[in-house]
Structures are given as structure tokens and as C-alpha cells.
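Below is one structure, written out as C-alpha cells; the observations come after it.
Each value in this text was obtained by applying a stated rule to the coordinates, not by laboratory testing. Every value quoted in this text rests on a predicted model; they were computed, and no experiment measured them. Reconstructed Cβ throughout: ideal geometry from the backbone, glycine too, with neighbour counts over all protein chains shown.
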Amino acid sequence: LWGESGQLRQLPKLLQYAKHTDPQIRAYIAVALGQIAAAQTPKSEAKPLVAPLQLLAADADPKVQRLAKKALAAC
């Protein structure tokens, strides 16, 4: 839901879970950040999302990595 809003103000709430022990939660965060990035116009507004997505792209879980890399493409 937070990602679907497309609003950057959701970022602090989402980042609380970016290092969660459950990879499913981290995967959800990657998707949500990607949804927010995709909603930003101009794309320069998505800059605050790049660093957290880069961290998720280096995650130990391959699914989290894949989803974060896909989300980075929206930045």
C-alpha cells in the first residue's frame, strides 16, 4: 500500500523495514520503493530512493536483489 501511493513521504516508514530479517519483507520494500520511483516526475525526484535500493540490490537474497535492481531502473 505504501508503494502504491507513489509518495516520497512514505520513504521513512518503508526504510524501517529495509533491513528486516525476513527476505519477503525486504522484497516487498524493494517493490514499494520501485513503485514510488516510477511515480516521480521528473525522475530527479526519485534520487532519495537510489541509495536504499542500491543496498537492497546487494542483499544476500537473490529475489530481493532482482527486485531492487528492477526498481532502480525506475529511478
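Summary of packing: across the peptides 29-36, 44-51, 61-68, 16-23, the per-residue average of other C-beta atoms within 10 Å ranks them, highest first, as 29-36, 61-68, 44-51, 16-23.
From largest to smallest, the equivalent ellipsoid semi-axes obtained for the chain from the alpha-carbon gyration tensor read 18, 13, 9 Å. At Gln16 and Val50, where each label point lies 7 Å from the Cα along Cα→Cβ, what is the point-to-point distance in nanometres? So the two model labels end up 2.8 nm from each other.
Dividing the summed -39500 (n - 2.57) terms of all DSSP H runs of n ≥ 4 by the residue count of the chain sets its mean residue ellipticity at 222 nm at -17000 deg cm²/dmol. Work from the charge dipole of segment 3-72 (Cβ charges, +1 for Lys and Arg, -1 for Asp and Glu, about the Cα centre) and give the residue of Pro42, Leu56, Ala68 farthest towards its positive end. Value computed over the given set: Pro42.
About its Cα centre, the dipole of segment 3-72 is roughly 120 debye, where the only charges are +1 on Lys and Arg Cβ and -1 on Asp and Glu Cβ. Longer than 19 Å from Cα to Cα, which of Lys13/Lys43; Lys19/Lys63; Lys19/Lys43; Lys13/Lys69 are they? Say none if no pair is. Over 19 Å apart, Cα to Cα: Lys13/Lys43; Lys19/Lys43; Lys13/Lys69.
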